[in-house]
Amino acid sequence: MFREVLFVDRLNRFVVLCEEGGRRFPAHLPNPGRLWEILLPGRVLLLEDRGKGDMPRVWGALLGEEVVCLHTTSAASVARKLLEEGCLEDLAGFRVVGTEIPLGNSRLDFLLKRGREKIFLEVKSCTLFFDGLAMFPDAVTVRGRKHVELLADLGGAVLFVVHVPSPFAFLPDFHTDPEFASTLYVARERVLIRAVAVRWDMRGHFQYSHILNLPWEVYEREARDQGSYLLSGYLPETRRIAVGRLGELDFPQGFYVYVGSAMRGLSGRIRRHLRKRKRNHWHIDALLPLLGDIRVFPVRSSERLECAIARELEKAARPVPHFGASDCSCESHLFFLPQPPLKSASFVEVLLRFRMGRIARMLQERK
């Protein structure tokens with residue numbers, strides 16, 4: 001059995017700060033992903049002790065009633081067992097004859113053989129899911145893209161192991177890493193792509209659940225350089241700033257989230273916001289030079305979602321009246337938060353709802 005502790009903060013890619021009985025201590029996190037939707041303050045993590053003198057290791061997390069395995073290397077073990085038990089129909093009869101196969105500057109997880117037929121298999125661990133949709137990756141992965149390109153050249157397969165049973169569909173995360181998503185989409189004719197859901201228990205055991213649907217037609221419609229975005233930044237001190245026709249406004253120290261859209265050239269719009277030198281055009285141009293820790297969260301979509309996102313953010317943050325909303329009926333498109341947005345469960349839920357929940361609803365309505 002695992003120890004249940006509370007997540008406090010992420011100290012770096014591989015170390016998190018935990019709390020147990022009022023005591024705080026570090027733990028090793030064997031997962032370099034962003035894990036924004038999982039690593040929220042107060043989340044229950046599952047730890048495994050590794051012996052005296054060794055830092056305890058995060059094995060998983062509890063999301064409601066679902067146990068999520070966070071140990072990335074577990075995906076390969078899951079894949080091997082699913083192969084042995086015949087759960088993967090497309091790979092029936094194949095057996096593992098090699099692991100960690102070096103190919104150029106890369107390594108592929110498995111070499112499989114069935115009679116004289118051989119095939120390479122790469123396995124990816126997926127922990128990003130919401131409302132029935134799973135996506136990968138949750139951070140830009142150049143390594144993952146190279147794996148797909150290599151498989152396309154060699155002829156092979158990629159298996160995404162989704163560590164909860166609730167999702168019914170899978171897509172590459174074109175919001176987070178459009179290059180990986182495009183590479184996977186192009187390779188789909190030459191690479192066998194499958195996503196499988198498994199169910200974990202509190203003892204660290206799993207059971208096969210089902211194969212997920214891959215709705216490529218949704219990708220074709222939604223994964224374009226258009227849509228909306230949330231831009232966040234930190235104002236280190238209270239400032240009074242002149243904002244166009246709004247006049248001078250007081251901005252208290254804290255975090256701000258701005259919602260915008262660009263139905264043509266979303267990437268170009270984001271690059272413009274991040275440029276140091278530019279002529280002021282939008283309200284946000286007056287505030288941006290004063291912000292630090294700027295992050296942009298694209299929401300690529302076939303429809304303009306800017307105002308819908310702003311209305312949802314009103315429930316999670318304090319609006320700055322009329323800012324960025326001169327051409328619509330919204331109260332504001334700029335919102336104040338006293339804490340970092342990614343430590344706010346409400347903010348993360350809004351982001352996931354528009355990135356993933358909207359697509360999941362489309363798929364459910366189509367059933």
Check your understanding: Once you treat every alpha carbon in the range 99-224 as an equal point and sum by Debye, what is log10 I(q)/I(0) at q = 0.11 Å⁻¹?
Key -> -0.38
**Study point:** Mean accessible surface per residue for the range 314-367, computed with a 1.4 Å probe while every protein chain stays in place, in Å²
**Key:** 49
Check your understanding: Want the number for R203 to V140: 0.36 nm per residue separation, take away the alpha-carbon distance, what's left?
Key -> 19.5 nm
Study note, to complete from the structure: Amide H neighbours of A195 at under 5 Å, excluding residues fewer than 5 places away on the same chain, with H built from the backbone geometry, are F160, L212
Review point. Once the Cα atoms of helix 178-187 and of the chain are each reduced to a long axis, what angle between those two axes, in degrees from 0 to 90 to the nearest 10, is obtained?
Key: 40
Exercise for review: Assign one of three labels to the range 298-367, namely rounded, prolate or oblate, based on the Cα gyration tensor with a ≥ b ≥ c the square roots of its eigenvalues; rounded applies when a/c is under 1.5, prolate when it is not and a/b is larger than b/c, and oblate otherwise.
Suggested key: oblate
Review point. Which percent of the accessible heavy-atom area of the range 283-325 goes to carbon and sulfur, probe 1.4 angstrom?
Key: 48
Review point. Which whole-number percentage describes the relative contact order of the chain, with Cα contacts under 8 Å and a sequence gap of 6 or more?
Key: 12
Check your understanding: When the chain is modelled as a GNM with alpha-carbon springs shorter than 10 Å, which of I284, I270, I241 fluctuates the most?
Key -> I241
**Study point:** Virtual spin-label span in nm between L246 and E85, 7 Å along Cα→Cβ
**Key:** 5.5
Review point. Separation of the range 289-367 and the range 255-271 by C-alpha centroid, Å?
Key: 11
**Study point:** Degrees separating the helix 142-154 axis from the principal Cα axis of the chain, which is the longest one
**Key:** 40
Revision key, fill the gap. With 0.36 nm assigned to each residue of separation and the Cα-Cα distance removed, E48 to D293 gains 84.8 nm
Check your understanding: In the range 219-277, what percent of the accessible surface is made up of carbon and sulfur (1.4 Å probe, ligands and nucleic acids excluded)?
Key -> 44
Review point. Karplus couplings for the range 32-48 from phi (6.51 cos²θ - 1.76 cosθ + 1.60, θ = phi - 60°), rounded to Hz, Gly and Pro as x?
Key: x, x, 6, 6, 4, 6, 9, 7, 10, x, x, 5, 7, 9, 10, 9, 10
Study note, to complete from the structure: Across the chain, qualifying lysine pairs (alpha carbons under 30 Å, at least 8 places apart or different chains) come out at 12
Exercise for review: With a/c under 1.5 counting as rounded, go ahead and sort the range 85-144 into rounded, prolate or oblate using the C-alpha gyration tensor (a ≥ b ≥ c being the square roots of the eigenvalues; past the cut-off, prolate if a/b is larger than b/c, else oblate).
Suggested key: oblate
Exercise for review: Please find the FRET efficiency linking L6 to E117, where r is the Cβ-Cβ separation and R0 is fixed at 45 Å, and quote it to the nearest 0.05.
Suggested key: 0.35
Check your understanding: To one decimal place, what Kirkwood hydrodynamic radius in Å is obtained for the range 228-284 from all pairs of distinct Cα atoms?
Key -> 12.8
Check your understanding: Is the shape of the range 172-240 rounded, prolate or oblate, going by the alpha carbon gyration tensor and its root eigenvalues a ≥ b ≥ c, with a/c under 1.5 for rounded and a/b larger than b/c for prolate?
Key -> oblate
Check your understanding: Sequence-distant or interchain residues sharing an amide H contact under 5 Å with G98, placed H: which?
Key -> L111
Check your understanding: When the Karplus curve 6.51 cos²θ - 1.76 cosθ + 1.60 is applied with θ = phi - 60°, which whole-Hz ³J(HN,Hα) does each residue of the range 215-232 get, with x for Gly and Pro?
Key -> x, 4, 5, 6, 4, 4, 7, 9, 8, 10, 7, 7, x, 10, 7, 10, 10, 10
Practice item. Whole number in Å², please: accessible area per residue of the range 207-292, 1.4 Å probe, ligands, DNA and RNA not counted. Key: 55
Point to revise | Beta bridges by DSSP in the range 128-193, antiparallel share as percent, to the nearest 5 | key: 30
Review point. Any idea how far apart K315 and L103 come out in nm if each label point goes 7 Å out from Cα toward Cβ?
Key: 4.6
Practice item. Over every pair of different alpha-carbon atoms in the chain, take the mean of 1/r and invert it; report that Kirkwood radius in Å. Key: 22.3
Check your understanding: Carbon and sulfur together cover what percent of the accessible area of the range 3-152 at a 1.4 Å probe radius?
Key -> 47
Check your understanding: Accessible area per residue, 1.4 Å probe, Å², for the range 78-200: what's the number?
Key -> 42
**Study point:** Ordering of 158-164, 323-329 by packing [mean C-beta count within 10 Å, highest first]
**Key:** 158-164, 323-329
Exercise for review: Please sort 92-98, 122-128, 53-59, 71-77 by packing, taking for each peptide the average over its residues of neighbouring beta carbons within 10 angstrom, highest first.
Suggested key: 122-128, 71-77, 53-59, 92-98
Check your understanding: Looking at the range 1-78, what % of its DSSP beta bridges pair antiparallel, to the nearest 5?
Key -> 95
Review point. Can you list residues whose amide H is under 5 Å from V299's amide H, if they're 5+ apart or on another chain and H is modeled 1.01 Å from N?
Key: S228, Y229, L230
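The values are calculated or read from the model by the stated rules, or taken from the named source; none is laboratory data. Every value quoted in this text rests on a predicted model; they were computed, and no experiment measured them. So basically every Cβ, Gly included, is an ideal-geometry build from the backbone, and we count neighbours across all protein chains shown. Just so you know, the surface numbers come from the protein's heavy atoms only, side chains and all, with ligands and any DNA or RNA stripped out. Shrake-Rupley method; radii C 1.70, N 1.55, O 1.52, S 1.80 Å.
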